[in-house]
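Encoded as structure tokens, the structure appears first; notes follow it.
The values are calculated or read from the model by the stated rules, or taken from the named source; none is laboratory data. This one's a predicted model, so the numbers in the text were calculated from it and none came from an experiment. With ideal geometry, Cβ positions are generated from the backbone for all residues, glycine too; neighbour counts draw on all protein chains shown.
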Amino acid sequence: MKGNPQLLEFIEAARVKGASDETVVGMLKSEGWPEDSIYQTLTAHYEKLTGLSVPASRRSGDAKDAFLYLLMFSTLAIWTIALGSLMFTLIDKWIPDPLAQNQYMYSGDSLEIASSLASIIVAFPIYLLVTRLILGGVRKHPEKLQSGVRKWLTYIALLIAAGVIIGDLVTVLTYFLRGELTSRFVLKALTAIVISGGVFWYYLASLRQPASGAASAND
């Protein structure tokens, strides 16, 4: 049986006398009982009272959710890195370095552009498709917003994006203090900050959806 038998006996006696759940929980917490034991025993009390088991939540996610989120973040990394590489190559072409050997620089440009475009063309549609599948699943099962798999992988993506932003800012400040800032470098740094910053703010906002959804449900 779920819950502590001693707690269950007390809760049943208190409820018979008309005590509310909040009062019972407050009394037990004041005596040092941990919340998980209290609520587990309350669950046992109401299961016994109704003859029904509390429905299990799908909040923790499953292997399919893990696969979809890993695929989404993998393709996100591929096309954002490719987009950054493409922009870096174009910046090098638009603002050439007079100290670089033109023949060497331009010989690799076409290969870099082709590789970046191929990565974007393949990864970006897959990212959009997987994101659509995930959002469709969330609409059908809103409890998936609380999935541990979703939260862990999203926070890992946020950590990487934040690391890129911080690293870029540190590098820009270092070059500024050394008096070595160039327009090429500033544009590349801004490109990296915009891409990683966009990813950071988008997924940070997605983590706030459960709270806003709960608020709208309560209205």
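Might you let me know whether the range 108-116 holds any residue that is assigned by TED's automatic domain parsing to the domain that holds Leu204, in contact with a helix residue (DSSP H, G or I) (Cβ under 8 Å, 6 or more places away or on another chain), modelled with pLDDT of 85 or more and surrounded by 16 or more Cβ atoms within 10 Å (Cβ to Cβ)?
yes
Go through the range 161-194 and report how many residues are part of a helix (DSSP H, G or I) and free of Cβ contacts under 8 Å to residues at least 24 places away in the same chain.
16
Which of the residues that make up the range 195-205 are surrounded by 15 or more Cβ atoms within 10 Å (Cβ to Cβ) and either without any contact (Cβ under 8 Å) to a residue 60 or more places away in the chain or not assigned by TED's automatic domain parsing to the domain that holds Arg150 (or both)?
Matches in the range 195-205: Gly197, Phe200, Tyr203, Leu204.
For the range 34-49, check the following and say yes or no: at least one residue is modelled with pLDDT of 85 or more, assigned to a loop (DSSP other than H, G, I, E, B) and crowded, with 16+ Cβ neighbours inside 10 Å.
no
Can you find a residue in the range 53-63 that is crowded, with 16+ Cβ neighbours inside 10 Å, more than 31 Å from the chain's Cα centre (by Cα), at positive phi and at pLDDT below 85?
No - not one qualifying residue is present in the range 53-63.
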